[in-house]
Amino acid sequence: MAMFNPRRFAQPDTLKSIEPGRLIAFMGLHREFLEGCGVIFPSNGGGMDCERLATILMNLEENAPRDLLESLYVIHEMANQDGMDRLLEAAKGHGLDIEFAPDSSPADIAVQVFLKDRELIERQHANVFVNRARSFLYFQGPTNWQGPFSPPSTSVLRLLESDMDDWFEERKRGRGCRIFLFDHGRKVSLVVRHGMPFRREGAMEQDGQSGAVYFRPESHDVLVYDRDRDELCIKARSKAERVMYLALIGRHLFGDEMHFPGEEKYTLEPLRTDMASALVCSDTDGVDWIKLLEIGIHWGGAHGEMEIRRAQDLFAAFRQRGYILPRTARLFLAKFQVKFSASKNPRTVTIRPANQAMYTRDDDSLLLEKWMKRRGFIRTAQIEDEEDDADFEPSVVSSGNHAGAFGDSHGMAAAPA
């Protein structure tokens, strides 16, 4: 089903910013349906009535053509300054002739690119979500898998989409999902565009009366496969979606639904066993010092007790009071402050075992994964050579943020007092 929220596109000012002839051509792709809804296409060379058109688009319902709704959504998503810059660069790289004047609006540029190369604008739209993703769960393949891995063909992607559609439809998310593949060499990214359950929201009609808008929100999930590690990292809304992705990616790309069994990658046990020594970073070039800022402790019990401890330097505070971390409670979160040699200001990194890590910047993982392997924050059964990140693709790191950092006045590379 379609994934368009009409309120986001159907604004008269947005429609008026599109060159009249291009707006007519764009809407004309679904002329028969729109005329049936009351849209009037000018016959005398004039422009469309944007106020009337906006009202009609606001009231499109589930029976509207999916292609129309998806088209409107993509145009809206790329009709901003960043989207326009991306489209102009991509159009130049593909030799598209785009009319760009000083007063050209982002919506007008988006419509031009759509009319000339729909696949191009859809790929640029999908790529936004690869670079926007900041939080992933990581899943390792079997340690004895030898590969090699080849990106899926178009026919395999269509089969994968069909199986995903069955899953989405069963859970009231509609059909029509789309997979976009980006091959960065070591990293292969898959962006899955799919619908969410239909929503109904109140809306003000043109005559001032209360009405309703029905729409199916769109969601983009990002999956990044690391060839060298045989690791799949997933950014999705729910555990059920992650389980589905693990099974279907395993089935279609590796011939085994259990290729990614969901084993844990990260652990916070070094903080418990080694305390301040776990923050030593003098053997990691480019990192000056690391502090522990926050830690989450899950005591459990009948009331599900949890404890969050915070300080400017937790281990310094622990040492002053003679406190040690509990031996039995689960450590479920750790937030670190990292001073990189090349940066004036420190940045933060958060780890949530077993598979989640969040960075302030995309490329921080270039240094920090090496440090984590040396200190034991990445489980030893799942690591390889400590220098295997040398060719990490920055544009993909932005979609697959890994994990944490540290330091203290104890150890070889201490944080300043």
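The values are calculated or read from the model by the stated rules, or taken from the named source; none is laboratory data. In this text the structure is predicted, and so the values were computed from the model without any measurement. Don't worry about glycine lacking a Cβ; one is built from the backbone with ideal geometry, like all the others, and counts go over all protein chains shown.
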- Task: Provide a single number: the residues in segment 22-72 that are free of Cβ contacts under 8 Å to residues at least 40 places away in the same chain, outside any helix (DSSP H, G or I) and small (G, A, S).
- Result: 5
- Note on the structure: Considering residues that are assigned to a strand (DSSP E or B) and at pLDDT 80 or above, the number found within segment 109-136 is 0
- Only one of K370, K291 is surrounded by 14 or more Cβ atoms within 10 Å (Cβ to Cβ) and modelled with pLDDT of 95 or more, namely K291
- What are the pairs, 6+ residues apart or on separate chains, where a residue within segment 348-376 that is more than 16 Å from D288 (Cβ to Cβ) has its Cβ under 6 Å from a residue that is in a strand (DSSP E or B) and small (G, A, S)? I351/A334; I351/A357; M358/S135
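Which of the following residues is hydrophobic (A, V, I, L, M, F, W, C) and free of Cβ contacts under 8 Å to residues at least 24 places away in the same chain: I75, I98?
Numbers: I75 fails: free of Cβ contacts under 8 Å to residues at least 24 places away in the same chain.
Just a single option satisfies the conditions, and that option is I98.
Filter segment 73-101 down to residues that are outside any loop (DSSP other than H, G, I, E, B) and small (G, A, S) and give me whichever is nearest to the chain's Cα centre (by Cα).
Residues of segment 73-101 that are outside any loop (DSSP other than H, G, I, E, B), as a first pass: 73-78, 81-93.
After this cut, where a residue has to be small (G, A, S) as well, the list is 83, 90-91, 93.
Numbers: G83: 16, A90: 21, A91: 24, G93: 25 Å.
Among those that are outside any loop (DSSP other than H, G, I, E, B) and small (G, A, S), it is G83.
Table: residues versus (1) assigned by TED's automatic domain parsing to the domain that holds M358; (2) in a loop (DSSP other than H, G, I, E, B); (3) within 22 Å of the chain's Cα centre (by Cα); (4) closer than 30 Å to W145 by Cβ.
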{"residue": "E241", "(1), (2), (3), (4)": "no, no, yes, yes"}
{"residue": "G262", "(1), (2), (3), (4)": "no, yes, yes, yes"}
{"residue": "Q312", "(1), (2), (3), (4)": "yes, yes, no, no"}
{"residue": "Q320", "(1), (2), (3), (4)": "yes, no, no, no"}
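Could you please find all residues in segment 265-310 being basic (K, R) and part of a loop (DSSP other than H, G, I, E, B)? Talk me through it step by step, then tell me what you get.
If we filter segment 265-310 for residues that are basic (K, R), which is where we start, we get 265, 272, 291, 309-310.
K265, the sole residue that qualifies.
Restricting segment 309-339 to residues that are charged (D, E, K, R) and buried (at least 16 other Cβ atoms within 10 Å of the Cβ), which is nearest to R352 (Cα to Cα)? It would help to see each step written out before you state the result.
The initial filter retains those residues of segment 309-339 that are charged (D, E, K, R), namely 309-310, 313, 319, 321, 327, 330, 335, 339.
Those left that are additionally buried (at least 16 other Cβ atoms within 10 Å of the Cβ): 313, 319, 335, 339.
Working: D313: 19, R319: 24, K335: 9, K339: 21 Å.
Out of the qualifying residues, it is K335.
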- Item | So Q146, is it polar (S, T, N, Q) and surrounded by 21 or more Cβ atoms within 10 Å (Cβ to Cβ) | no
- Task: Consider G250 carefully, then state whether it is surrounded by 18 or more Cβ atoms within 10 Å (Cβ to Cβ), free of Cβ contacts under 8 Å to residues at least 40 places away in the same chain and under 30 Å from the mean Cα position of the chain (by Cα).
- Result: yes
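Please go through segment 340-374 and give me each residue that is of a type in the set (S, T, N, Q) and part of a strand (DSSP E or B), ordered by number.
Narrowing segment 340-374 to residues of a type in the set (S, T, N, Q): 341, 343, 345, 348, 350, 355-356, 360, 365.
Correct list: T348, T350, Q356.
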